[in-house]
There are 2 protein chains.
Amino acid sequence: MSDNAFIPQWVIERKRDGLELSEDEIRAFIAGFTSGTIPDYQMSALAMAVFFRGMSRPETAALTDAMMRSGDLLSFEGWPRPTADKHSTGGIGDKLSLMLGPLAASAGLAVPMISGRGLGITGGTLDKLESIPGYNTRLSTEEFKQVVAEVGCSIIGQTARLAPADKRLYALRDVTGTVPSIPLITASIMSKKLAEGAETLVFDVKCGRAAFMPDIEQARELARALIETGQALGRKTGALITDMNQPLGRTVGNAVEVAEAIETLKGGGPADTRLLTVELTAMMCELAGIFADRAKARRELEQRLDDGRALEVFRRMVKAQGGEPRVADDPQLLPQPGVSVEVPAPQTGFVAFIDAREIGRLALRLGAGRKATADEIDHAAGVDRLVQAGERVARGQPLMRLLAADTVRAEALLAEAAAAVRIGEAPPPERRLVLEEVEG
Amino acid sequence: MSDNAFIPQWVIERKRDGLELSEDEIRAFIAGFTSGTIPDYQMSALAMAVFFRGMSRPETAALTDAMMRSGDLLSFEGWPRPTADKHSTGGIGDKLSLMLGPLAASAGLAVPMISGRGLGITGGTLDKLESIPGYNTRLSTEEFKQVVAEVGCSIIGQTARLAPADKRLYALRDVTGTVPSIPLITASIMSKKLAEGAETLVFDVKCGRAAFMPDIEQARELARALIETGQALGRKTGALITDMNQPLGRTVGNAVEVAEAIETLKGGGPADTRLLTVELTAMMCELAGIFADRAKARRELEQRLDDGRALEVFRRMVKAQGGEPRVADDPQLLPQPGVSVEVPAPQTGFVAFIDAREIGRLALRLGAGRKATADEIDHAAGVDRLVQAGERVARGQPLMRLLAADTVRAEALLAEAAAAVRIGEAPPPERRLVLEEVEG
């Protein structure tokens, strides 16, 4: 073996011993992993060493770049509109992409958005969109670009050709205890987002009981890693850290979340849902140079929700992707559940707290989610008409409705559902939805 | 998935997070790895987590036990003689097994010894024995037990049926940066040794420039782990930490080391070689209850070297394993090198230090060792007539002889050979061969 030979175990050993890997080492390792010359057992050992030793920003950027280049790269260079996208680390009732994409497009951005499916208690934008009859999340790259060009926004699923190294690495991390590592999470998120070609990226890093990052310190660390890695690779980036102790909005599921998204796109919807949609889109527009400042961006975007321009983009996107556009006017066209069962409040008082984690579990057990990636989901299942913190309820009034295929399934969860809502004697302090803005 | 299901990644995650694994978890993991239901990428991730988090003694014992039970277990229960074996962590010129086995047998022990091959600069007992014409290191388990019963001692190679989990795990660790971990090293050594069935085990933990454990702290840690794990699994154990900054004896190679071993078995041989053979065998005999105390054991063993009883066991072992027993009387029957080239001393003075690492490399490049496991070795190659520290040399007198297939190969290494021996003006302080005894 020559002194210049690339020996994968030497790279593993250097990381294990706390040394910084070079860009060349990282690139060669990921190239070998993608082509199959570096076996999974070396990749998983390196991932575990990274879990313990971390990665510097240059290492994280090199890893992200190598994973991004493992497949196709979309390019929107020379397009008339600035391109932008958002990524959320995932939460309960988080239907923001459904509004943010159309809203940003209505303000002049081009939004090529590649989303994921739900797993465990966390929902996925693709599953929600697929509850719209006919909506096709599997466009070719050309079709995807076409929809973005014509409508301003398209939301599809990850293709095998975009960042395939990430797909393989994520599956491997999932079964080798190497998921919770900031540099690996960063490279996973960023490699896909960067391959989409968007110039501006905003991140919604969820923090709280039902979030991947339960505490603020870790959320901050991830937000900074995402922002700085994006900048190192030439993008404009920003992040909000937002509360995920309680669910977003009054619905958790798939069809019910689409219905709530449509309500919000019509200028209605729950206050928290509207507020966070506007905040993230405003940050995105400001970074992309669409509006001069944040306050102006907020006002302009609120107008576009209220006057129907955002909804019109949504309608056109659904149509362009083969879906039934009339759902925008008549949410009854979405899948309807077999039964809906009200959960009565066990006492009178003020809603003090709604446990997002418990509500996520509830939706999962009602059929709205997947325990394993191969599971089928019930698009009509979930929770709607959920009360929100601060609201007054009288004993026996409904706290939420459980939507399920049959009564047995729903009624078995009544006690659990009631237990997810805490009722107190006085109104709770107001919920802080945006915990922090992390600047690039 | 039920709550009781064994999920390999949960075990990896628990170790990653610094929790102690249960005996059941370790047993199930190793059983799955052995049967193939747990893939290499999960095993390597666990091994890396163990590298960082370590293992408690009960965990190490459980791992050792599980690996030991992955294959056949030899049993000598009910035998008239106590069984014992020695393990060395490997050094340069370390031919001790060749004398220790027969010597211990001559004192009344039964020694079922399973040895390894050399790799890199470290020699292997099997390669040395295979330089004896006809000697067969691949006995069946039954033949092996037969030779131990008849002769008192047998030395063979690792079979695929003894601790197969170790064989697979070691190959995996070698390419995933997970070799240097005390619990993994301990389980690897001990699983094989325990599967042999010996009741008493002594360890020669080498320490120094040419040893796997360069510093005394690590050597001590490994020695304690070996001793305590053996005791946890019901064996009598002891360990010496011995110097491996300088080679043992005056020969390094294969046939040359057998010749030196025979010299030592005849009551001659270099002082260091004789001393360490007696020390380790005496510890073994004392632990096994053959002699009342160490001093008596030393005296008895020295007698057995001097009066030919140990040599006689060696001769019978060679014969029982198909080898030419006359080598015991005429070492010229061993393979002879194509050429032998003397290395002249560049100056007059006292030999201050011989760099074991450099001598090991020299022997390797002369053809006596392997760079990769598939390499062929030249049994006649190596170094002999090596000076020892404290000896006086005059300029031009030989420091050693290089034995090789041809002159070109030997002469290319002359300068390097001379540089491995440091000559000073005054005699160096006496070498401490046994650095410490670690008690069980």
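The values are calculated or read from the model by the stated rules, or taken from the named source; none is laboratory data. Model, not experiment: these values are computed from the prediction. FYI the Cβ positions are ideal-geometry reconstructions off the backbone, even for glycines, and counts take in every protein chain you see.
In the set (1) on the phi > 0 side of the Ramachandran plot; (2) within 14 Å of the chain's Cα centre (by Cα), the condition left unmet by residue A:197 is number (2).
Of all residues in the range B:24-41, those that are at the interface with another protein chain (Cβ under 10 Å from one of its Cβ atoms) and either in contact with a Ser or Thr (Cβ under 6 Å, 6 or more places away or on another chain) or acidic (Asp, Glu) (or both) total 2.
Among the residues of the range B:51-101, just one is surrounded by 22 or more Cβ atoms within 10 Å (Cβ to Cβ) and within 14 Å of chain A (Cβ to nearest Cβ), namely B:51.
Only a single item in (1) within 19 Å of residue B:330 (Cα to Cα); (2) part of a helix (DSSP H, G or I) is not met by residue B:298, and it is number (1).
The range A:123-182 holds helices (runs of 4 or more DSSP H) entirely within its bounds, and those carrying 2 or more residues that are under 19 Å from the mean Cα position of the chain (by Cα) and within 14 Å of another protein chain (Cβ to nearest Cβ) map to A:164-174. All conditions in (1) at pLDDT 95 or above; (2) buried (at least 18 other Cβ atoms within 10 Å of the Cβ); (3) within 14 Å of another protein chain (Cβ to nearest Cβ); (4) more than 19 Å from residue B:162 (Cα to Cα) hold for residue B:9, with the sole exception of (1). Checking each residue in the range A:215-244 for being buried (at least 20 other Cβ atoms within 10 Å of the Cβ) and not in a helix (DSSP H, G or I) picks out A:235, A:236, A:237, A:238, A:239, A:240, A:241, A:242, A:243, A:244. Within the range B:136-145, track down each residue that is surrounded by fewer than 19 Cβ atoms within 10 Å (Cβ to Cβ) and touching a residue at least 24 places away in the same chain (Cβ under 8 Å). Within the range B:136-145, B:136, B:141 meet the criteria.
The rows are residues; the columns are (1) closer than 23 Å to residue B:84 by Cα; (2) in contact with an Asp or Glu (Cβ under 7 Å, 6 or more places away or on another chain).
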{"position": "B:232", "(1), (2)": "yes, no"}
{"position": "B:241", "(1), (2)": "yes, yes"}
{"position": "B:244", "(1), (2)": "no, no"}
{"position": "B:255", "(1), (2)": "no, no"}
{"position": "B:278", "(1), (2)": "yes, yes"}
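Residue check: is residue B:377 more than 26 Å from residue B:281 (Cβ to Cβ), among the β-branched types (Val, Ile, Thr) and at pLDDT below 95? So residue B:377 passes the test. Selection of the range B:309-340 for residues being touching a Lys or Arg at 6+ places or on another chain (Cβ under 7 Å) and touching a residue at least 12 places away in the same chain (Cβ under 8 Å) yields B:310, B:311, B:328, B:333, B:340. Counting only residues that are β-branched (Val, Ile, Thr) and either surrounded by fewer than 21 Cβ atoms within 10 Å (Cβ to Cβ) or not in a helix (DSSP H, G or I) (or both), how many does the range B:35-50 have? The total comes to 2.
For the range A:277-284, check the following and say yes or no: at least one residue is over 21 Å from residue A:114 (Cα atoms), in contact (Cβ under 8 Å) with a residue 12 or more places away in the chain, assigned by TED's automatic domain parsing to the domain that holds residue A:90 and in a helix (DSSP H, G or I). No, because not a single residue in the range A:277-284 is over 21 Å from residue A:114 (Cα atoms), in contact (Cβ under 8 Å) with a residue 12 or more places away in the chain, assigned by TED's automatic domain parsing to the domain that holds residue A:90 and in a helix (DSSP H, G or I). Out of B:270, B:335, one residue alone is touching a Leu at 6+ places or on another chain (Cβ under 9 Å), surrounded by fewer than 20 Cβ atoms within 10 Å (Cβ to Cβ) and either farther than 12 Å from residue B:103 by Cα or modelled with pLDDT of 95 or more (or both). It is B:270. Counting the residues of the range A:183-207 that are within 14 Å of chain B (Cβ to nearest Cβ) and in a loop (DSSP other than H, G, I, E, B) gives 0. Looking at B:343, B:327, B:318, can you tell me which residue is buried (at least 17 other Cβ atoms within 10 Å of the Cβ), over 20 Å from residue B:87 (Cα atoms), outside the structural domain of residue B:208 (by TED's automatic domain parsing) and among the hydrophobic types (A, V, I, L, M, F, W, C)? Being buried (at least 17 other Cβ atoms within 10 Å of the Cβ), over 20 Å from residue B:87 (Cα atoms), outside the structural domain of residue B:208 (by TED's automatic domain parsing) and among the hydrophobic types (A, V, I, L, M, F, W, C) holds for just one of B:343, B:327, B:318, which is B:343.
Yes/no matrix, rows are residues, columns are (1) more than 23 Å from the chain's Cα centre (by Cα); (2) among the β-branched types (Val, Ile, Thr); (3) not assigned by TED's automatic domain parsing to the domain that holds residue A:286:
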| residue | (1), (2), (3) |
| --- | --- |
| A:59 | yes, no, yes |
| A:71 | no, no, yes |
| A:75 | no, no, yes |
| A:95 | no, no, no |
| A:100 | no, no, no |
| A:105 | no, no, no |
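For residue B:21, the conditions (1) among the aliphatic types (A, V, I, L, M); (2) within 12 Å of chain A (Cβ to nearest Cβ); (3) buried (at least 18 other Cβ atoms within 10 Å of the Cβ) are fulfilled apart from (2).
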